[in-house]
């Protein structure tokens, strides 16, 4: 589950440091800002597929995980600045995964009474709010208030220090931007490094570059890519960050101030990830779309192929 969580975490990581620059900008400047209304519910459908292939000199192993999820955001209250307190809830999730020659492990929160091993933490989050998030109009995370005690320690620690990594909103610049403008989002992650036989934690910087590429019918299209701030050649470190450098596209409704969709894609290879003559190939796609409350998630695949066609 850790690989999967790192992939999903890529959709939530946000920072507050922006460095705007302009390339071939149009004349019109657009304010990218959320417009929250007290009592409002926003419903999203998420579909995700992640695949990790490990190749050695004499073997090949593939792990595949597919997820479909329904989630909602309730706007608990708004403030004079245009910010809001938001209560996110995962309403329903279906997952199917397989590793190598092992059988498929699946979980459907709507009908499975017994939770398969490895899905326990996820199952505990379904259908109930864990926290309330206070955010600024541009999506910046200001404060997190826990609503329950039985949350993973890493989440409670992140909530206590208002870690941007648990922010589920895209954070926009405070200043208006034009088509062609770019801004940067700095991200911190942790990796394990070996030191005299011990595993130590080291912070590693990532940078996400956004560009407003188009505005049409009051829908802003934003493209982004993620990379290491400082080039790294150590395969062990690259293996740990292989799912944290997605590229993607965001669609934002300027008139109503809401995220319409976002898509992420991972396509990375690490030579020597597990030693000499090894290769790690990470492929992944995630889409998230705003839906009406009556829309339901599609059923996940009944089987997960262990070989590509």
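Just so you know, all these numbers are worked out from the coordinates, no wet-lab data involved. Predicted, not measured: the structure shown is a model, and the values here were computed from it. Note that each Cβ is placed from the backbone with ideal geometry, even for glycine, and that neighbours are counted across all protein chains shown.
For an R0 of 41 angstrom, estimate the FRET efficiency from the Cβ-Cβ distance between residue 258 and residue 59 and round to the nearest 0.05. Don't skip to the end; give the middle numbers.
Values: r = 47 Å, r/R0 = 1.15.
The pair residue 258/residue 59 has a calculated efficiency of 0.30.
Spin-label model, residue 81 to residue 265: label points 7 Å out along the Cα-to-beta-carbon direction sit 3.7 nm apart. Note on 52, 46: ascending count of other Cβ atoms within 10 Å places them as 46, 52, the fewest first.
Apply the a/c threshold of 1.5 to the C-alpha gyration tensor of segment 60-183 and tell me whether it is rounded, prolate or oblate.
Numbers: a/c = 2.41, a/b = 1.63, b/c = 1.48.
Judged from the Cα gyration tensor, segment 60-183 comes out prolate (a/c at least 1.5, a/b above b/c).
Taking a quarter of the surface of the Cα convex hull of segment 24-103 gives a mean projected area of 10.6 nm².
Please work out the Kirkwood hydrodynamic radius for segment 172-274, using every pair of different C-alpha atoms, and report it in angstroms with one decimal place.
Evaluated over segment 172-274, this radius sits at 15.6 Å.
Within 10 Å, count the other beta carbons around each residue, average over each peptide in 105-118, 274-287, and list them highest first. Don't skip to the answer; put the middle values down first.
On the way: 105-118: 13.0, 274-287: 16.4.
In decreasing order of mean packing, 105-118, 274-287 become 274-287, 105-118.
Legend: ranking of residues 221, 245 from fewest to most surrounding C-beta atoms inside 10 Å; resulting order 221, 245.
What is the fewest-to-most order of 140, 178, 190 by other Cβ atoms lying within 10 Å of their Cβ? It would help to have the intermediate numbers written out before the result.
On the way: 140 20, 178 16, 190 11.
Ordered by Cβ neighbours within 10 Å, fewest first: 190, 178, 140.
The slack between residue 188 and residue 236, meaning 0.36 nm per residue of separation minus the straight C-alpha distance, is 15.5 nm. Compute the Cα gyration tensor for segment 119-167, then decide on rounded, prolate or oblate, letting a ≥ b ≥ c be the square roots of its eigenvalues: rounded whenever a/c is under 1.5, prolate when a/b is larger than b/c in the other cases, and oblate in all that remain. Prolate.
Between residue 150 and residue 111, what's the calculated FRET efficiency when r is the beta-carbon distance and R0 is 22 Å? Round to 0.05. Present the calculation step by step, with values, prior to reporting the outcome.
Details: r = 23 Å, r/R0 = 1.04.
That gives a FRET efficiency of 0.45.
Determine the relative contact order of segment 130-207: mean sequence separation of Cα pairs under 8 Å and six or more apart, normalised by residue count, in whole percent.
Details: 89 pairs, mean separation 16.1, N = 78.
The value is 21 percent.
Working ranking of peptides 234-243, 250-259 by packing, defined as the average number of other Cβ atoms within 10 Å per residue, highest first, is 234-243, 250-259.
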